[in-house]
Amino acid sequence: MALTIKPADLSDPAVVGLLATHAGHCEASSPKGSCHYFDVSKLKAPGITVWAAYEGDTLFGVGALAEIGEADGEVKSMHTAAAARRKGVGQAILAEILAAARARGYTRLWLETGSNEPFAAARALYARNGFTPCPPFGSYVYDPFSSFFTLDLMMAEA
């Protein structure tokens, strides 16, 4: 799969639709109070960059990096279209996020994802990339439906 990763156009109906699919996946897999995805309006906030992965004109995935401190970022809204799963889309987007975080001088990344079976592939992706489990961070609190991870960018391979 020859992917092109570029900043997402948050007014593009395909991007908005894939983000809505992500929200639906989260809501179908976890109780409402346990869903922490960002909708399009939150993704438009300053300090957040969203990327989209395309093969030709077909959108296959999205992912975002939110600044949560002077040297920290949070991975948000990672989602791969069902037709493109297990083809490297998530890895490609995550690689873009990691490169951007390093370029911004971040020293640590954080993320929250689901703890149940529908999020197993996401947890495996993050573990393969050096993320390790951690306690809730920022404004998150313990939730049995959430898994929290962190990555020390100073220790991780570039």
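For Cα pairs less than 8 Å apart in space and 6+ apart in sequence, what is the mean separation divided by the residue count of region 65-158, i.e. the relative contact order in percent? Rounded, it is 29 percent for region 65-158. Scaled against 2.2 N^0.38 Å for its residue count N, the alpha carbon radius of gyration of region 110-158 is 1.14. Under the simplified labelling scheme, the D12-K87 pair shows an inter-label distance of 1.6 nm, with each label point 7 Å from Cα along Cα→Cβ.
If you wrap the tightest convex hull around every Cα atom of the chain and split its volume per residue, you get 110 Å³. Normalising the Debye intensity of region 8-86 to I(0), with uniform scatterers on Cα atoms only, and taking log10 at q = 0.10, 0.21, 0.22, 0.25 Å⁻¹ returns -0.23, -0.98, -1.05, -1.24.
Taking 7 Å steps out from each Cα toward its Cβ at V141 and S29 produces label points 2.4 nm apart.
When peptides 99-112, 73-86 are ranked by their average number of other Cβ atoms within 10 Å per residue, the highest-first order is 73-86, 99-112. Normalised by the number of residues in the chain, the mean separation of alpha-carbon contacts (under 8 Å, six or more apart) gives a relative contact order of 20 percent.
Here, each number is a calculation from the coordinates, and none is a lab measurement. No experiment lies behind these values; they were computed from the predicted model shown. Note: ideal-geometry Cβ built from the backbone for every residue, glycine included; neighbour counts use all protein chains shown.
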